[in-house]
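**Student:** What follows is a structure written as structure tokens; I'll ask about it next.
What follows is calculated from the coordinates using simple rules that are stated; it is not laboratory data. Please read these numbers as outputs of a predicted model, since none were measured by experiment. Neighbour counts are summed over all protein chains in view; Cβ atoms, including those assigned to glycine, are modelled from backbone coordinates with ideal geometry.
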Amino acid sequence: MTRGLSFSFEGENRRQAETMDALTRGFIIALIVIYALLAVPFKSYAHPIVVMSAIPFGIVGALLGHLFMGYGLSMISMFGVVALGGVVVNDSLVLVDTTNRARREDGLSPLEAVHYAARRRLRPIFLTSITTFLGLAPMIVETSMHARFLIPMAISLGFGVMFSTLIILLLVPALYLIVEDAKALVGIKSHAGEDELDLVAPTKGPAGAG
């Protein structure tokens, strides 16, 4: 009988478990704050989700980076993953914002705006990611014992950014179009498309007058 028997981790294992719990709670709070900060300027509940869709793929990239470099996951790796969550949204944020601007200022359709944003922001997105990775590369390949403590965090950031960038250029435009298609279906019933027409009309008006 095991009634009344209990066990618990102590020592180093207990401290690691407490740190991981605090890190998980902090990461969830950070995601909520990021969503709120994106929802306010976008004035949308869906577009922040499109932007933040890069975060899970950044985590996958961090895991693949550890596997490729032959490192196991550690507490420092998780610190890098948490930091990665705030870094990988930058590229998708630029892409979605450029798409919205093209629709608002030039009156493009969602598909045309996505094509325009992808062409316009391909170089900045790629250069931002590759320079971030190259900046972390000396730490990733460092063999000194003094640097091994920080190498897992550099791997999480470097490989996470590079992998998520490749996904962003393919996934984010597709998700954006899916969201806009869903809005169009809802707009047929709720007439939600009037706001978009109001944004387009001022652009076309002066052109027609001229």
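**Student:** Determine, for SER53, SER74, the number of other Cβ atoms within 10 Å of each Cβ, and report the residues in order from fewest to most.
**Tutor:** In order of increasing Cβ crowding within 10 Å: SER74, SER53.
**Student:** I've got another one for you. Extension gain ILE28-ALA137, at 0.36 nm per residue separation less the Cα-Cα distance, in nm?
**Tutor:** 36.4 nm
**Student:** May I pose another question? From Cα pairs below 8 angstrom and at least 6 apart in sequence, can you work out the relative contact order of segment 58-132, rounded to a whole percent?
**Tutor:** Relative contact order, segment 58-132: 23 percent.
**Student:** If you average the alpha carbon positions of segment 148-167 and of segment 69-88, how far apart do those two centres end up, in angstrom?
**Tutor:** Spelled out, the Cα-based centre of one part sits 7 Å from the other.
**Student:** When LYS43, LYS183 are ordered from fewest to most other Cβ atoms inside 10 Å of their Cβ, what list results?
**Tutor:** LYS43, LYS183
**Student:** How many nm separate the modelled label positions at LEU185 and HIS146, each set 7 Å beyond the Cα in the direction of the Cβ?
**Tutor:** Taking the two extended label points, one gets 6.0 nm.
**Student:** For a quick protection proxy, order the peptides 142-148, 86-92, 101-107 by their average other-Cβ count within 10 Å, most packed first.
**Tutor:** 86-92, 101-107, 142-148
**Student:** Through the Karplus equation 6.51 cos²θ - 1.76 cosθ + 1.60, θ set to phi - 60°, convert the phi angles of segment 179-185 into ³J(HN,Hα) values in whole Hz; use x for Gly and Pro.
**Tutor:** 4, 5, 5, 5, 5, 5, 5
**Student:** For MET69 and ALA17 in one chain, what is 0.36 nm times their gap in residues minus the Cα-Cα distance, to one decimal in nm?
**Tutor:** Extra length from MET69 to ALA17 when fully extended: 16.2 nm.
**Student:** Counting other C-beta atoms within 10 Å, which of LEU150, LEU157, LEU134 has the fewest, and how do the rest follow?
**Tutor:** The fewest-first ordering by Cβ neighbours comes to LEU134, LEU150, LEU157.
**Student:** A follow-up question, please. List, in order, the whole-Hz ³J(HN,Hα) value for each residue of segment 74-86 obtained from phi through the Karplus relation with A = 6.51, B = -1.76, C = 1.60 and θ = phi - 60°; use x for Gly and Pro.
**Tutor:** So the J values, rounded to whole Hz, are 9, 5, 5, 4, 5, 4, x, 5, 4, 5, 4, x, x.
**Student:** May I pose another question? Please list, in order along segment 94-107, the HN-Hα scalar couplings obtained from phi with the Karplus expression 6.51 cos²θ - 1.76 cosθ + 1.60 (θ = phi - 60°), rounded to whole Hz, x for Gly and Pro.
**Tutor:** Each residue of segment 94-107 in turn: 4, 5, 5, 5, 5, 4, 5, 5, 5, 6, 6, 8, 9, x Hz.
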